Amino acid sequence: MKFEVEITREHYYDYNIFVSDKLSQEINKNKIVIVLGSIILFLLFLYFFSLYREYEHICKSNFKYVAVNFVILLCLLTTYYFLSNLYSKLFIKYSVKDNGITLGKVEMEISETGIHERKTHSKFFHSWEIIQNLESSEICYYLVIENSRAIILPKDQINQGVLDMLNERV
């Protein structure tokens, strides 16, 4: 079954948001980030515990040592927060790729072996084995190939027959 879609900036913008959301979910699942966060929280717990022990030994009228420790703790928490946000943003920035997406008309053909895409200057073939699932956003359907790659299918240009065929395959 052959059909044609036209990819606009709106569709491409929606695709970038879709991929960024998927990568954000992947970051949250990333075991290294979870382990590092747990280690930092454990170290912060030890820090608070040692702070409390020192506070018991110091005269309650002398808050200088306690204030310095709280400032150091605040600096550590702020640094952790900014570094984790920086890591997330850099990971998403360098992971979101256009993967050959061009604006304009794309001719697609669904066959028994996979999906053929023909664009102005390129041709792609995606077998059914590499397509993970069919997801949707407000304006597009996406045939997900991997976390940072998908085939864009605008909802307003896809008829129910094509959608049924894709649901059967995926």
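In the range 112-136, what residues are part of a strand (DSSP E or B) and touching a helix residue (DSSP H, G or I) at 6+ places or on another chain (Cβ under 6 Å)?
Hit for the range 112-136 is L134, nothing else.
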Unique residue being among the aliphatic types (A, V, I, L, M), out of contact with any Ser or Thr (no Cβ under 6 Å at 6 or more places or on another chain) and either modelled with pLDDT of 70 or more or within 30 Å of N133 (Cβ to Cβ) (or both) when the list is L41, L23:
L41
Pull up the range 140-167, narrow it to residues that are within 20 Å of the chain's Cα centre (by Cα) and not hydrophobic (A, V, I, L, M, F, W, C), then point me to the one that is surrounded by the fewest Cβ atoms within 10 Å (Cβ to Cβ).
E146
Taking the range 106-156 and keeping residues among the small types (G, A, S), touching a Leu at 6+ places or on another chain (Cβ under 7 Å) and within 19 Å of F3 (Cα to Cα) leaves A150
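The values are calculated or read from the model by the stated rules, or taken from the named source; none is laboratory data. As the structure is a prediction and not an experimental result, all values here were calculated from the model. No Cβ is skipped: glycine too gets one built from the backbone with ideal geometry, and neighbour counts run over all protein chains shown.
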